[in-house]
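Everything below concerns the one structure shown next.
The values are calculated or read from the model by the stated rules, or taken from the named source; none is laboratory data. Computed from a predicted structure; not experimentally measured. With ideal geometry, Cβ positions are generated from the backbone for all residues, glycine too; neighbour counts draw on all protein chains shown.
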Amino acid sequence: MPSDNKKKRAHSAREKPSQYGSDIDLENYNYSTSKPNDLESLDELSEQDRILTQEVGFDPSQERVSATFMQFDNESFLADVLIQQEGLEVMPTDQALQKYDWLHDYLWNAVQVDTDKYTARSELENYSGYFIRATAGSKIKMPVQSCLIMKKNQSVQNVHNIVIAEEGSELHIITGCATPSNVEQSLHLGVSEFYVKKKARLTFTMVHRWSEMTDVRPRSATIVEENGTFISSYAILSPLKSIQTFPKVRLVEPGAKADLYSVVYGSKKSKYDIGGLLSLEAPNSSGKVISRSIATDECEIIARGDLIGLSGETRGRLECDGLLVSNTAVIRAVPMLAARAEGSELSHEATVGKVGAEQLSYLMSRGLNEEEATSLIIRGFVKLKVPDLPPALQKSIDDAIKMSMEGSM
Amino acid sequence: MNDDILLETRDLRVEVNGVPILGGIDLTFKIGQVYAVLGPNASGKSTLAKTIMGLPEYKVTGGDILFNSKSILGESITDRARMGIAYAFQTPPRISGVKLDDFICRVCPDYQCSDDSETFMGETCACKQILYDDFERLGIRNLANRDLNDGFSGGELKRSELFQVLSMRPKVMFLDEPDSGLDYDSLKIVGKELKAIREKHEVTLVIISHHRYVLEFLEVDKVYILQHGKLVYIGDMSDIPVLEEKGYERFLAEMTG
Ligand SMILES: Nc1ncnc2c1ncn2[C@@H]1O[C@H](COP(=O)(O)OP(=O)(O)OP(=O)(O)O)[C@@H](O)[C@H]1O
Ligand SMILES: [Mg+2]
């Protein structure tokens, strides 16, 4: 699609509300007018920023990673591929688009630019973000880490990420997004497009930690080709103003696979509307959408899951489970299944329950106090069926539960 | 003499959901002694133990519970557990996602890691070998890595409860039917564990049971029989065979008649 055509479609969707989530007046924010600057190295990070990045699983020492991408607001960034990572590329999206003509075919391909006003706005303003590519056959064993930090008040961080795992490659990405808790009113628009080619394997782990005045509207989609595998784990652990996201994965060729895991730990008066859609479009494609929601304080969580079977010989599984820790919190699990082809096997399970009084008493009778017992039950609930969480993510989840329990009681 | 008394209930009255279950019970438990609390089904044995443990649905409407001569009615379950009261549940609830071995490491000082600052639940315990030996001794090594009470068989549940309660090193333990559903071999294992404790004369054992084997093997010091939420008989070991022969109805009719 030529780029002026994209702009045209973006313009046409400028006022188009999102299907889900509260509406945000996009005129209330300042958009970046300049191109971001280079950060020389991670040594320039302040101590505060260093801690903030670690809270979302980032490792400033870069010990066990293959590359690092970091960005502050829309202002400055760092893209650093560590020594001898043959076949790995990490750079800001705008630079990559200048470097590679073909990349324009991947821009707004998985995600449609006219999806809603947020995608439209993202296209119409200056954006940055990362481009990450593993070339054909490259097995990049150590993860690429990325961290997007938003520190300015009244402003918008607008990123457009493109990830390509070429044929037969292996790529792992761990990404964190964070705002310091003192940031007043801000908006994060994040478009992410993932392309998993034949026999490639891409894992993507994302941790979010926002401030209570941040609205977040990520828009992401993935296209998986023949025998490719996409595994996404997402955790949001902090309060925020609102988030609405509904990532979509299309399994377009035979043997394609995707598992989407999400953990929402809701607190304060935050509103979370988080989903996942899996579209099974070719024989032998299969996948799972698994979510665990924990609601504390007065938060509101909507957990959506959507499976669409467009081809026979497909299998999809949906699990939306919620645990209420407070009487004033709400969880709504919304499972959707649509089989449009014979031989598409779709199943789901949805449960929402309170922490059991009997379980609490039992654990307390073994000497745990009420907070400890509650967090143990929550931890167990999260652990259930969200296998192989990266240790950093597991630790962030533990810390969030611990902190919230200690804070609230 | 009173110095020996660890725990006592005085005219203890308890209701659940507004229904009276215990109607004024006076019991004393002395340090290092072994007690059998017996009685027909639904007589209030489990209720008594759970009330002493402090479970919130068991509301004390009258009387008192004294531990070391101090009332504990105002103490939470946690506080009671920490002061040395333990209860092995008759039907423990399932806790998903929490492994039995991790849990025991977490709650039992003996198995706790010295460097657990990084491991919230003691997950990377280096000291698990001792723990596993103890699992082995109770014949439940296979449960170590399973979720707490998730799909445990009847006999496994009993031994897992016993193991947890033992490792807490309590001053008094209420064992709610520790012998029900056990096969002959497991019964011997449980009997031996309890006998070892009895022989140290430090821990007070209160055993709720419907079978004579463990009670006789341990040579209980005292037998309390409850009926309809009241203490109706105090006796000793010698009553147990008679009780088995006659059944509660006839036994109590003849004794209290
Ligand atoms: N949580 C509860 N809710 C309602 N009723 C209860 C509850 N706990 C106990 N009861 C009732 O109190 C009475 C005594 O029960 P309890 O469990 O103490 O009996 P028990 O002597 O332990 O019997 P068993 O030998 O069958 O275990 C029963 O009628 C029981 O139904
Ligand atoms: Mg009972």
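Residues in segment A:354-378 that are touching a residue at least 40 places away in the same chain (Cβ under 8 Å) and facing another protein chain (nearest Cβ under 7 Å): 1 in all. The single condition among (1) modelled with pLDDT of 95 or more; (2) touching a strand residue (DSSP E or B) at 6+ places or on another chain (Cβ under 9 Å) that A:Met213 does not satisfy is (1). With respect to the stated conditions, A:Ser155 is polar (S, T, N, Q) and under 22 Å from A:Asp94 (Cα atoms).
I'd like to know if segment A:120-127 contains one or more residues that are surrounded by fewer than 18 Cβ atoms within 10 Å (Cβ to Cβ), over 18 Å from the mean Cα position of the chain (by Cα) and of a type outside the set (A, V, I, L, M). Yes, some residue in segment A:120-127 is surrounded by fewer than 18 Cβ atoms within 10 Å (Cβ to Cβ), over 18 Å from the mean Cα position of the chain (by Cα) and of a type outside the set (A, V, I, L, M). Being in contact with a Cys (Cβ under 7 Å, 6 or more places away or on another chain) and part of a strand (DSSP E or B) is a property that does not hold for A:Ala338. Each residue in segment B:54-68 was checked for being within 14 Å of chain A (Cβ to nearest Cβ) and either crowded, with 20+ Cβ neighbours inside 10 Å or more than 10 Å from ligand 1 (Cβ to nearest atom) (or both), and 5 of them qualify. Summed over segment B:199-238, the residues that are of a type in the set (Asp, Glu) and either within 16 Å of ligand 2 (Cβ to nearest atom) or surrounded by 19 or more Cβ atoms within 10 Å (Cβ to Cβ) (or both) give a count of 0.
Within segment B:14-28, can you find the residues that are away from ligand 1 (no atom under 12 Å from the Cβ) and either part of a helix (DSSP H, G or I) or within 19 Å of the chain's Cα centre (by Cα) (or both)? Result: B:Asp26, B:Leu27, B:Thr28. Inside segment B:29-83, residues that are among the β-branched types (Val, Ile, Thr), within 16 Å of ligand 2 (Cβ to nearest atom) and not in a strand (DSSP E or B) make up a count of 3.
Out of (1) over 17 Å from the mean Cα position of the chain (by Cα); (2) surrounded by fewer than 22 Cβ atoms within 10 Å (Cβ to Cβ); (3) within 14 Å of chain A (Cβ to nearest Cβ), what's the single condition that is false for B:Leu100? Checking B:Leu100 against (1) over 17 Å from the mean Cα position of the chain (by Cα); (2) surrounded by fewer than 22 Cβ atoms within 10 Å (Cβ to Cβ); (3) within 14 Å of chain A (Cβ to nearest Cβ), the one that fails is (2). Farther than 24 Å from B:Ile104 by Cβ, within 16 Å of ligand 1 (Cβ to nearest atom) and either surrounded by fewer than 19 Cβ atoms within 10 Å (Cβ to Cβ) or within 14 Å of chain A (Cβ to nearest Cβ) (or both), is that true of B:Glu244? Taking the combined requirement at face value, the residue satisfies it.
Residues in segment A:1-24 that are under 21 Å from A:Gln244 (Cβ atoms) and either out of contact with any Leu (no Cβ under 7 Å at 6 or more places or on another chain) or of a type in the set (D, E, K, R) (or both): A:Ala13, A:Arg14, A:Glu15, A:Lys16, A:Pro17, A:Ser18, A:Gln19, A:Tyr20, A:Gly21, A:Ser22, A:Asp23. Among B:Thr51, B:Thr78, B:Thr47, which is the only one that is at pLDDT 95 or above, within 25 Å of A:Gly356 (Cα to Cα) and facing chain A (nearest Cβ under 10 Å)? B:Thr78 is the lone residue from the list that is at pLDDT 95 or above, within 25 Å of A:Gly356 (Cα to Cα) and facing chain A (nearest Cβ under 10 Å). Reported count of residues in segment A:272-309, each being in contact with a Leu (Cβ under 6 Å, 6 or more places away or on another chain) and among the hydrophobic types (A, V, I, L, M, F, W, C), is 6.
Of all residues in segment A:98-109, at least one satisfies being under 18 Å from A:His160 (Cβ atoms), without any contact (Cβ under 8 Å) to a residue 60 or more places away in the chain and part of a loop (DSSP other than H, G, I, E, B).
Evaluation of A:Asn227 against the conditions (1) at pLDDT 90 or above; (2) part of a strand (DSSP E or B) shows that the sole unmet condition is (2). With the condition kept exactly as written, say whether any residue in segment A:353-364 is closer than 21 Å to A:Lys248 by Cβ and surrounded by fewer than 21 Cβ atoms within 10 Å (Cβ to Cβ). Taking every residue of segment A:353-364 in turn, none turns out to be closer than 21 Å to A:Lys248 by Cβ and surrounded by fewer than 21 Cβ atoms within 10 Å (Cβ to Cβ). For A:Arg9, state whether it is at pLDDT below 90, over 22 Å from A:Val163 (Cα atoms) and assigned to a helix (DSSP H, G or I). So A:Arg9 fails the test.
Identify all residues within segment B:132-159 that are part of a helix (DSSP H, G or I) and more than 20 Å from B:Ile95 (Cα to Cα); write none if there are none. If the condition is that a residue be part of a helix (DSSP H, G or I) and more than 20 Å from B:Ile95 (Cα to Cα), then B:Tyr132, B:Asp133, B:Asp134, B:Glu136, B:Arg137 are the ones that fit.
Within segment A:225-246, track down each residue that is free of Cβ contacts under 8 Å to residues at least 60 places away in the same chain, farther than 22 Å from A:Tyr20 by Cβ and buried (at least 22 other Cβ atoms within 10 Å of the Cβ). Correct list: A:Phe230 only.
Pairing residues of segment B:41-52 that are under 14 Å from B:Met173 (Cβ atoms) with residues that are near ligand 2 (Cβ under 8 Å from one of its atoms), at Cβ distances under 7 Å and at least 6 apart in sequence or on separate chains, gives B:Ala49/B:Asp176; B:Ala49/B:Ile208.
Within the set A:Glu298, A:Glu345, A:Glu370, the sole residue that is farther than 19 Å from A:Lys402 by Cα and surrounded by fewer than 21 Cβ atoms within 10 Å (Cβ to Cβ) turns out to be A:Glu345.
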